[in-house]
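Quick notes on the structure that follows.
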Amino acid sequence: MTASPHALELVKVAAAAADSKGGEDLVALDVSGPLPLTDAFLLITGRNERNVVAIAGEIEDKLIERGTKPLRREGRQEGRWILLDFGDIVVHVFHEEDRMYYSLERLWRDCPVIPIELPVTRSVE
């Protein structure tokens, strides 16, 4: 089983939103095989708690604009690991220390990686 086209589109929108707020080390995983409840995980690192909250907020705003509301959100107050569940995708925004500690990439290493293509931003000279 592979991630649905809708899930892949949501990953693309969420990744662009994360990138616009300085999200780093973006990794998308197709978890549709082992998990029947969702198609993809998007893992993102923020530099500090404030950045983690800003990234999660931008992702939520952009996906709501596209008509996809979160089913569940956790961790916003702490700003260390925010989980946003949109049904077809689950977004994990981590503080860098927490991302290293929980190492979800290692836990889900058997799942295929979904390529992420971010928009090219050009600097004004």
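The values are calculated or read from the model by the stated rules, or taken from the named source; none is laboratory data. Keep in mind it's a predicted model, so treat the numbers as computed, not measured. Note that we place each Cβ from the backbone using ideal geometry, even for glycine, and neighbour counts take in every protein chain shown.
List of remarks:
- Ala15 meets each of the listed conditions (1) surrounded by fewer than 17 Cβ atoms within 10 Å (Cβ to Cβ); (2) in contact (Cβ under 8 Å) with a residue 40 or more places away in the chain; (3) not β-branched (Val, Ile, Thr) apart from (1).
- Residues of region 40-91 classified as assigned to a helix (DSSP H, G or I), acidic (Asp, Glu) and either closer than 16 Å to Asp19 by Cα or touching a residue at least 40 places away in the same chain (Cβ under 8 Å) (or both), total: 4
- Among the residues of region 1-36, just one is at pLDDT below 95 and closer than 15 Å to His92 by Cβ, namely Leu35.
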